[in-house]
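S.K.: This is the structure, below, for whatever I ask next.
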Amino acid sequence: MTRRPLSERTGVWLLTTGGLGFLKPGPGTWGSIPPVLIALLLVWIWLPGWMIDLTLILIGLFFSIACIRFGRLAEQTFGRKDPSEVVADETAGVVLPLLFLPWVFPLGTDALAWNISLALTAFATFRFFDITKIPPANQLQSLRAGWGVLVDDLVAGVYALIVTQLLVRALYPALPFFS
């Protein structure tokens, strides 16, 4: 058995977000978790909101580029278009609803509950739109190679960004721990 070149092994590792795409059930859910945890970690260490957003944007760009660069490799390796093992697109897409959130500092019990609720709302709305593939997201999967893998998740991310912001700005301020 021949060993794959390092660039291909690296490509598969990036496309599966460090192997999370091989976890079952729901590899897309596993691939969506890292940016959520990173955002919460950055809040925990009291980074300003703009630095959290910048870090998330860089993560999104990194995994978007990985999808585009290694999209053909994904189709060859897994033998189908937009294989479920490829979760770098989810890692990139979930970044969008995590942007521009009103994180609360310093972290007391109420602030912790608020920040976790923000992160979970962004995560849940993204997963909803990623799974349902509301048009035009479903049609965009037909794009060639890495673009077809990535763009539908970015559209789901935009939908989730809008819904998350509406929920957070309109509904959440009425919750008892927001003051």
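The values are calculated or read from the model by the stated rules, or taken from the named source; none is laboratory data. Since the model is a prediction, treat every value here as computed from it, not as a measurement. Here the Cβ is made from the backbone with ideal geometry for all residues, glycine too, and neighbour counts use every protein chain on show.
S.K.: Does the stretch 1-32 hold any residues that are over 13 Å from Asp89 (Cβ atoms) and either exposed (fewer than 12 other Cβ atoms within 10 Å of the Cβ) or among the aliphatic types (A, V, I, L, M) (or both), and which are they?
M.R.: Met1, Thr2, Arg3, Pro5, Leu6, Ser7, Arg9, Val12, Leu23, Lys24, Pro25
S.K.: Does Thr17 satisfy being hydroxyl-bearing (Ser, Thr, Tyr) and either outside any loop (DSSP other than H, G, I, E, B) or more than 25 Å from Lys133 (Cα to Cα) (or both)?
M.R.: Details: hydroxyl-bearing (Ser, Thr, Tyr): yes; either outside any loop (DSSP other than H, G, I, E, B) or more than 25 Å from Lys133 (Cα to Cα) (or both): no.
Here the answer is no, as Thr17 does not meet what is asked.
S.K.: Another one. Can you find a residue in the stretch 76-90 that is touching a residue at least 12 places away in the same chain (Cβ under 8 Å), part of a helix (DSSP H, G or I) and surrounded by fewer than 21 Cβ atoms within 10 Å (Cβ to Cβ)?
M.R.: Yes.
S.K.: Step by step: first the residues of the stretch 106-115, then only those that are out of contact with any Leu (no Cβ under 7 Å at 6 or more places or on another chain) and assigned to a helix (DSSP H, G or I), then the one that is surrounded by the fewest Cβ atoms within 10 Å (Cβ to Cβ). Which residue is that?
M.R.: Our first condition is that a residue be out of contact with any Leu (no Cβ under 7 Å at 6 or more places or on another chain); within the stretch 106-115, this holds for 106-114.
This time we only want the ones that are assigned to a helix (DSSP H, G or I), so: 109-114.
Numbers: Thr109: 8, Asp110: 14, Ala111: 16, Leu112: 16, Ala113: 15, Trp114: 23.
In this case the residue turns out to be Thr109.
Conditions (1) more than 22 Å from Leu61 (Cβ to Cβ); (2) within 19 Å of the chain's Cα centre (by Cα); (3) of a type in the set (Gly, Ala, Ser); (4) at pLDDT 75 or above, marked per residue:
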residue: Thr132; (1), (2), (3), (4): yes, yes, no, yes
residue: Ala137; (1), (2), (3), (4): no, yes, yes, no
residue: Gln141; (1), (2), (3), (4): no, yes, no, no
residue: Leu150; (1), (2), (3), (4): no, yes, no, yes
residue: Gly157; (1), (2), (3), (4): no, yes, yes, yes
residue: Thr164; (1), (2), (3), (4): no, yes, no, yes
residue: Leu171; (1), (2), (3), (4): yes, no, no, yes
residue: Leu175; (1), (2), (3), (4): yes, no, no, no
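S.K.: Something else: Among Trp103, Trp30, which is the only one that is part of a loop (DSSP other than H, G, I, E, B) and touching a residue at least 24 places away in the same chain (Cβ under 8 Å)?
M.R.: Working: Trp30 fails: part of a loop (DSSP other than H, G, I, E, B).
When all the criteria are applied, what remains is Trp103.
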